[in-house]
1. Restricting attention to region 57-80, does a residue exist that is touching a Ser or Thr at 6+ places or on another chain (Cβ under 6 Å), at positive phi and either modelled with pLDDT under 95 or of a type in the set (D, E) (or both)?
2. Which one of the conditions (1) open to solvent by 10 Å² or more (accessible area, probe 1.4 Å); (2) more than 16 Å from the ligand (Cβ to nearest atom) does L178 fail to meet, given that it meets all the rest?
3. Out of G228, G246, G236, I need the residue that is more than 13 Å from the chain's Cα centre (by Cα) and at pLDDT below 95. Which one?
4. So L178 passes all but one of these: (1) farther than 23 Å from D250 by Cα; (2) not in a loop (DSSP other than H, G, I, E, B). Which condition number does it fail?
5. Go through G87, G153 for me and flag whichever is within 15 Å of the ligand (Cβ to nearest atom), more than 30 Å from T393 (Cβ to Cβ) and touching a Pro at 6+ places or on another chain (Cβ under 9 Å).
6. State yes or no: is A46 buried (at least 24 other Cβ atoms within 10 Å of the Cβ) and either more than 30 Å from R164 (Cα to Cα) or more than 16 Å from the ligand (Cβ to nearest atom) (or both)?
7. Cβ-Cβ distance below 7 Å, separation of 6 or more or different chains: which pairs start in region 63-76 with a residue that is without any contact (Cβ under 8 Å) to a residue 24 or more places away in the chain and under 15 Å from F47 (Cβ atoms) and end on one that is among the polar types (S, T, N, Q) and loosely packed, with under 15 Cβ neighbours inside 10 Å?
8. Please count how many residues of region 50-82 are more than 21 Å from N211 (Cα to Cα) and either of a type in the set (A, V, I, L, M) or surrounded by 22 or more Cβ atoms within 10 Å (Cβ to Cβ) (or both).
Amino acid sequence: MDENPAGQWLSEGQRDPQDAAFFWTGGPVEVARDTWFTSLGSGVTAFATRDGLVLVDSGTRLFAGEMAGHVRSRTGLPVHTAVYTHGHIDHAFGLDAFLAEGQTAPHVVAQERMAERFARYARSPRHNAVINSRQFGGRSDDPTFEGPELRFGFPAHEPTRYYRESLELDVGGTAFELHACRGETDDHTWVFCPERRVLCTGDLIIWGVPNAGNPQKAQRYPWDWAAGLRAMARTGAASLCPGHGGPVVDDERLVRRILLDTASFLEDVVERTLAVLEDGSPPHVDVVRRVKLPESDAPWLQPVYDEAEFIVRNVIRYYGGWWSGRPSELKPAPRADVAGELAALSGGAGALLARAVELAPRDLALACHLADYALEAAPDDAVVAAGVAALYTERGTRETGLMATNLYRSAAAEALARHPSA
Ligand SMILES: [Zn+2]
């Protein structure tokens with residue numbers, strides 16, 4: 001059939017993570033009979049049945065219109081049922097665009113914990129706007145995530161039916177199996193259509209290291225995630241429609257490999273982290289340093305978005321508390337005071353920054369510690385701000401994962417924002 005991003009990526013011998021299928025956009029791809037996948041920012045799968053369309057996911061409000069156009073180039077059927085694989089804004093908020101003119105409201109099915117997620121978003125829209133601005137490299141006063149297209153809260157079409165563990169749907173004579181799986185979120189669903197052998201994973205597969213460590217987001221569950229991937233592998237699916245990136249079309253072996261490789265990767269991180277926790281439970285930073293992070297050459301396991309080190313942090317968080325393990329950080333002094341003392345000892349914020357710049361070529365991570373103290377000791381110093389911004393800009397360029405790249409870019413933007421003249 002039409003396209004298979006993994007095959008392209010492998011056969012062309014590319015090894016640059018930025019070429020990975022995570023960034024694939026396009027469609028409609030016919031992944032099985034009467035079944036189309038399209039992706040723009042996130043993926044949507046449309047199954048035509050005798051009673052209308054079953055949609056798995058609906059994209060963001062921002063891109064849903066274009067994706068709906070892809071689906072409408074193949075079928076005019078009304079949407080009978082939509083399944084949201086999880087409650088993130090790039091999956092559960094675009095349904096309006098897919099509805100046929102004058103159609104009755106569709107059924108919307110989701111895992112039951114999604115209701116609580118939306119309530120959480122509705123209680124903290126500003127907070128979510130800020131952390132997402134940072135995640136995408138912007139400043140905390142960036143209005144993007146408070147605009148009508150990306151604002152957090154309840155979607156226009158809330159689920160009409162919630163389930164807990166699993167649910168079998170029959171729409172127009174076609175069966176769909178829904179399975180709950182805590183993973184990237186606690187409300188995740190994966191969908192399998194046995195008749196067409198199509199598997200929709202939601203964000204449990206995204207053509208990259210699983211987003212199981214996201215530094216700013218709620219708890220994630222890599223152990224349940226791995227178990228879910230193994231269950232998906234047992235379905236015998238031939239086509240895979242992921243949450244992000246391109247589909248795999250009619251290649252059971254490849255689908256199985258992607259699922260099982262990803263499961264092993266997550267299990268390795270969990271087991272190695274637990275081994276260090278069991279061996280003295282050192283401060284969190286030291287756990288991170290001691291865990292040997294798994295690596296893979298596979299195009300579906302490159303650190304293009306999230307990365308293994310952050311998953312370690314999420315395991316620590318689940319098995320422990322918020323305290324870092326450093327005694328001074330249990331009830332810490334204000335950072336500005338600590339920074340002030342260090343600056344005074346070292347000859348001023350300028351001296352801290354100068355040392356940071358000196359260290360940067362051989363140890364940028366160490367340099368950034370000093371840079372933070374320099375900025376916190378002298379928040380009004382435009383020269384220090386510019387120097388710190390330069391270090392974080394450089395650090396962003398050295399990362400492969402978008403999450404780390406963007407958080408460093410955001411740090412640089414924040415430092416400069418305080419001194420537009422710098
Ligand atoms: Zn997503």
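The values are calculated or read from the model by the stated rules, or taken from the named source; none is laboratory data. The structure presented is a predicted model; accordingly, all values stated were derived computationally and were not measured. Cβ coordinates were reconstructed from backbone atoms using ideal geometry, including for glycine residues, and neighbour counts include every protein chain displayed. Surface areas here come from the heavy atoms of the whole protein model, side chains and all, with no ligands, DNA or RNA. Shrake-Rupley method; radii C 1.70, N 1.55, O 1.52, S 1.80 Å.
1. Taking every residue of region 57-80 in turn, at least one turns out to be touching a Ser or Thr at 6+ places or on another chain (Cβ under 6 Å), at positive phi and either modelled with pLDDT under 95 or of a type in the set (D, E) (or both).
2. L178 satisfies every listed condition except (1).
3. Answer to the check: G246.
4. It is condition (1) that L178 fails.
5. G87
6. The answer is yes for A46.
7. Nothing qualifies.
8. Within region 50-82, residues that are more than 21 Å from N211 (Cα to Cα) and either of a type in the set (A, V, I, L, M) or surrounded by 22 or more Cβ atoms within 10 Å (Cβ to Cβ) (or both) number 12.
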